[in-house]
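A.B. asks: Have a look at this one before I ask anything.
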Amino acid sequence: MMASSSPFRSAIFASIRENLAKSGPGDRHDEPPLSIPHATSDAAVDLLEVLRESLEQVGAKYTFVKDESEAADRLRAIIDDLSATKIMVSDSPRVHRIVNTAGLDAIADASREELFSSDVGITSAQWAIAETGTLVLESGVERHRLVSLVPPVHICIVLTSSIRRSMAEILELADVDANPAITFITGASRTSDIELTLAIGVHGPGELYVIVIDDQ
């Protein structure tokens with residue numbers, strides 16, 4: 001999601017928050033932000049299960065791992081399965097560590113030409129919304145947003161501590177003034193023509209892999 005100026009972004013988010021607050025009891029999604037306990041607790045397991053189901057419903061491929069070492073192993077396996085050779089990465093230090101541990105050759109700070117000829121883009125996400133399987137990328141935290149949008153395959157690395165149940169919680173947490181752009185990604189890119197024929201990957205990645213790391 002992009003907006004042209006900070007006042008407009010703030011006004012849009014304020015309006016959404018206000019309308020969520022006015023929802024009736026049966027319509028409300030503005031639960032207080034959930035503090036994620038250790039992944040073995042019932043609440044955390046429930047939230048992870050909701051996220052997994054939501055991601056699978058939108059066609060994403062989900063993997064849960066216990067640490068960055070396991071994430072590197074899973075990343076290596078995905079890249080091998082895809083036979084990908086042109087790998088682009090964001091400027092996330094965590095992404096760089098995992099890519100290096102996996103022994104992958106990747107391009108950081110890719111040019112437009114490199115991005116449009118790439119096989120895979122790897123980023124992290126600042127938040128994940130369990131109810132919808134949505135990934136939230138804040139440009140003020142992680143640059144190279146196009147890495148998540150241009151390559152035909154997007155691999156996203158998410159921490160359990162960044163998972164929230166609903167959009168309302170994210171709207172409360174997101175600092176719109178500090179982020180020139182906030183991107184919401186729900187599954188692979190989908191579009192349809194006037195006859196409602198669905199096409200995958202026309203305006204963005206056709207495949208989405210999500211690796212969730214237990215950081216609790």
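The values are calculated or read from the model by the stated rules, or taken from the named source; none is laboratory data. Values in this document were obtained by computation on a predicted structure and should not be read as measured data. Note: ideal-geometry Cβ built from the backbone for every residue, glycine included; neighbour counts use all protein chains shown.
A.B. asks: Just give me the residues in the stretch 60-85 being in contact with a strand residue (DSSP E or B) (Cβ under 7 Å, 6 or more places away or on another chain) and hydroxyl-bearing (Ser, Thr, Tyr), in sequence order.
C.D. replies: Correct list: Tyr62, Thr63.
A.B. asks: Go through (1) outside any strand (DSSP E or B); (2) in contact with a Pro (Cβ under 9 Å, 6 or more places away or on another chain) one by one and return the number of the condition Ile185 breaks.
C.D. replies: (1)
A.B. asks: For the stretch 178-199, indicate whether the set of residues that are within 27 Å of Val89 (Cβ to Cβ), at pLDDT below 90, small (Gly, Ala, Ser) and touching an Asp or Glu at 6+ places or on another chain (Cβ under 7 Å) is non-empty.
C.D. replies: yes
A.B. asks: Looking only at the stretch 122-130, decide whether some residue is at pLDDT 95 or above and surrounded by fewer than 20 Cβ atoms within 10 Å (Cβ to Cβ).
C.D. replies: Going through the stretch 122-130, the residues at pLDDT 95 or above turn out to be 122-130.
Add one more test, that the residue is surrounded by fewer than 20 Cβ atoms within 10 Å (Cβ to Cβ), and what stays is none.
The answer is no; no qualifying residue exists.
A.B. asks: What number of residues within the stretch 41-98 are touching a residue at least 60 places away in the same chain (Cβ under 8 Å) and of a type in the set (Val, Ile, Thr)?
C.D. replies: 6
A.B. asks: If Phe64 meets every condition in (1) exposed (fewer than 14 other Cβ atoms within 10 Å of the Cβ); (2) under 20 Å from Ile213 (Cβ atoms); (3) of a type in the set (Phe, Trp, Tyr) apart from one, which number is that one?
C.D. replies: Exception for Phe64: condition (1).
The rows are residues; the columns are (1) modelled with pLDDT of 90 or more; (2) surrounded by fewer than 18 Cβ atoms within 10 Å (Cβ to Cβ); (3) closer than 23 Å to Arg74 by Cα.
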{"residue": "Pro151", "(1), (2), (3)": "yes, no, yes"}
{"residue": "Ser162", "(1), (2), (3)": "yes, no, yes"}
{"residue": "Glu169", "(1), (2), (3)": "yes, no, no"}
{"residue": "His203", "(1), (2), (3)": "no, yes, no"}
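A.B. asks: In the stretch 84-125, how many are touching a Leu at 6+ places or on another chain (Cβ under 9 Å), hydroxyl-bearing (Ser, Thr, Tyr) and not in a strand (DSSP E or B)?
C.D. replies: Within the stretch 84-125, residues that are touching a Leu at 6+ places or on another chain (Cβ under 9 Å), hydroxyl-bearing (Ser, Thr, Tyr) and not in a strand (DSSP E or B) number 2.
A.B. asks: While we're looking at this one, here's another question. Considering each of Ile78, Ile16, Ile12 in turn, give the residue that is closer than 23 Å to Ser148 by Cβ, surrounded by 12 or more Cβ atoms within 10 Å (Cβ to Cβ) and either of a type in the set (S, T, N, Q) or at pLDDT 95 or above (or both). Spell out the reasoning first.
C.D. replies: On the way: Ile16 fails: either of a type in the set (S, T, N, Q) or at pLDDT 95 or above (or both); Ile12 fails: either of a type in the set (S, T, N, Q) or at pLDDT 95 or above (or both).
None of the other options fit; the residue is Ile78.
A.B. asks: Hey, does the stretch 72-83 have a residue that's at negative phi and in a strand (DSSP E or B)?
C.D. replies: Pass one, the stretch 72-83, residues at negative phi: 72-82.
Adding the requirement that they be in a strand (DSSP E or B) leaves none.
No: the stretch 72-83 contains no residue that is at negative phi and in a strand (DSSP E or B).
A.B. asks: Looking at the stretch 155-171, I want the residues that are under 22 Å from Asp67 (Cβ atoms) and outside any strand (DSSP E or B) and have a partner that is at pLDDT below 95 and of a type in the set (S, T, N, Q) with Cβ atoms under 7 Å, at least 6 apart or on another chain. Which pairs are those?
C.D. replies: Thr160/Gln216; Ser161/Gln216
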